[in-house]
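I have placed the structure first, in the form of C-alpha cells, so that the comments after it can refer back to it.
Throughout, read-outs are computed from the coordinates displayed, never taken from laboratory work. Just so it is clear, the model here is predicted, and its values are computed rather than measured. No Cβ is skipped: glycine too gets one built from the backbone with ideal geometry, and neighbour counts run over all protein chains shown.
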Amino acid sequence: MQKKIIVTGGSGMIGSCLKDIVINDNNNWFFLSSKDCDLTNIDSVNELFTKIQPDYVIHLAANVGGLFKNLRERTKIFTDNIRMNENILEACNNHNVEKGVFCLSSCIFPHKPSKYPMNETMMHESEPHSSNEGYAYSKRMMEMQCRNYNQQYNRKYICLIPVNLYGPYDNFNLEDSHVIPGLIHRLYNAIENNGDFQMYGTGKPLRQFVYSYDFSRIILKTLFEYNDTKSIICCNDEISIKDLTYLISNTMGYDTDKITNDASKSDGCLKKTVDGSYFKKIYPEFKYRSLEDGIKETVSWFKENYDNCRK
Ligand code: NAP
Ligand code: GFB
C-alpha cells in the first residue's frame, strides 16, 4: 500500500543519500528543504502537514555542524533545533502520523559516563560535553518527547543515534563542517597550493564514523522493518583524529611528513565511544562500509562535485 512519507532535511547529506536510494520506490516521497518549509515556524509546519497528510515522517532537519560551529553558535543551535523538533513532533501527533524516525547523535551522550562503551540507556545519565551543549540538549529533549508521545498516544516515534556521519553530499564548509569533510577540503587546498597542512587540536581524540549511505539504509530498515520503539545506536570502528588525518592524507596523496598540528584549536570531547550491539542483534546481516572505502568514495565525490558542493 503506497505511503506518503515526509523527509525533513531532504536537501542535506543524509536526505540526499536517502533520495538516491528510494528513487524507484513505489511510495510517495516528499524531500523537503528549508525553502519548502521553515520548520521553526509552527504555522508553516501545520500547513505542510495539512496539505500532505503524511503516513510516515523521517525527521532529519537540524541546525547541525562540527565542533567549531557548535562552539560559535550554541544559542541558535539550541533554539532552532528545539523549535524544529517540537513543531515536527506536535504536528506528527496532531495529524495522526503512525510512525516516525528521528535523528539524535552520539555526541549528545554524557562526556563522563559511568562506563564505556555507552549504550542506549545512558543518554541522560549526566551532562554532555560543554562544546556542544546546545545541540545535545535539544536532541535529548526530542528523545524524551518521542517516549512521551509513544507512551501517551501509542505512537511509534523511533530515535536513531548515529555516531559522526560523513560521505557524499556532506557539508565541506571550512567554518561549519565536521572533521572528515573539513580535513578533505583543507588537504585538497594544501595539495592544490603545494602548501603545509595543520591538523586541528592534538589529534588524540577518538571518534567513530558511519558512512552517509549506510545510515540512510538503516533509516529505511527502521521505518519499514523495525517494530519496537527502543532507540538504536548506529556505530562503526573507532579511530584517533591523528590516524584519521593520516588515512585521508594517504588517500589523497599528501605527504604525511608535512603534517603538523595546531594545538591551539580545541579537541572537543576526547572520546564518545558507543556500543552498537543492540543494532547488531536485530540486524546481524547489516554490513557497514569500512572507513577506508568510505573515505575513498567521499574524496572522489568531493573532487567530482567540487564546483557545486557545499564548501
Ligand atoms: P545537513 O547536511 O546539515 O542538512 C541539514 C538539513 O536540515 C538541510 O536539509 C537543511 O535545509 C535542513 N534545515 C536546517 N534548518 C532548517 C529549518 N529551519 N527548516 C527546515 N529545514 C531546515 O545535515 P545531515 O548531516 O544530513 O544530518 C541529518 C541529521 O543527522 C541531523 O538531524 C543531524 O543532527 C543528524 N546527525 C548528523 C551527524 C553528522 O555528522 N553529520 C552525526 C550525527 C547525527 P537547507 O538545505 O534548506 O538548509
Ligand atoms: O566532527 P567534529 O568537528 O565534531 O570533530 P565532534 C572535531 C574533532 O576533530 C576535534 C578535530 O578533535 C578537532 O580538533 N579536527 C581536526 C577537526 N581537524 C579538523 C577539521 O579540519 N575540522 C573539524 N571540524 N575538526 C560533533 C558535534 O562533535 O559531533 C556535532 O559538535 C555533531 O554536534 C557531531 O553531533 C556528530 O565530533 O567533536
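Which ones in segment 1-21 are outside any helix (DSSP H, G or I) and within 13 Å of ligand 1 (Cβ to nearest atom)?
If the condition is that a residue be outside any helix (DSSP H, G or I) and within 13 Å of ligand 1 (Cβ to nearest atom), then ILE6, VAL7, THR8, GLY9, GLY10, SER11, GLY12 are the ones that fit.
Restricting to segment 208-217, name every residue that is under 14 Å from SER106 (Cβ atoms) and either among the polar types (S, T, N, Q) or more than 10 Å from ligand 1 (Cβ to nearest atom) (or both).
Scanning segment 208-217 gives a single hit, GLN208.
If GLU120 passes every condition in (1) away from ligand 1 (no atom under 16 Å from the Cβ); (2) within 12 Å of ILE161 (Cβ to Cβ) but one, which one does it miss?
Among (1) away from ligand 1 (no atom under 16 Å from the Cβ); (2) within 12 Å of ILE161 (Cβ to Cβ), GLU120 violates only (1).
Looking only at segment 39-79, count every residue that is out of contact with any His (no Cβ under 9 Å at 6 or more places or on another chain), in a loop (DSSP other than H, G, I, E, B) and farther than 21 Å from CYS146 by Cα and tell me the total.
1
Which is in contact (Cβ under 8 Å) with a residue 60 or more places away in the chain, farther than 30 Å from VAL179 by Cβ, more than 9 Å from ligand 1 (Cβ to nearest atom) and polar (S, T, N, Q), of ASN93, ASN28, ASN24?
Of the residues listed, the single one that is in contact (Cβ under 8 Å) with a residue 60 or more places away in the chain, farther than 30 Å from VAL179 by Cβ, more than 9 Å from ligand 1 (Cβ to nearest atom) and polar (S, T, N, Q) is ASN93.
Is one or more of the residues making up segment 210-224 assigned to a loop (DSSP other than H, G, I, E, B), without any contact (Cβ under 8 Å) to a residue 60 or more places away in the chain and either crowded, with 20+ Cβ neighbours inside 10 Å or of a type outside the set (S, T, N, Q) (or both)?
no
Need pairs with beta-carbon distance below 6 Å; first residue within 18 Å of SER290 (Cβ to Cβ) and within segment 167-182, second within 10 Å of ligand 2 (Cβ to nearest atom) and outside any loop (DSSP other than H, G, I, E, B); sequence gap 6+ or separate chains.
Here the result reads ASP170/PRO181; ILE180/TYR166, each pair linking segment 167-182 to a residue that is within 10 Å of ligand 2 (Cβ to nearest atom) and outside any loop (DSSP other than H, G, I, E, B).
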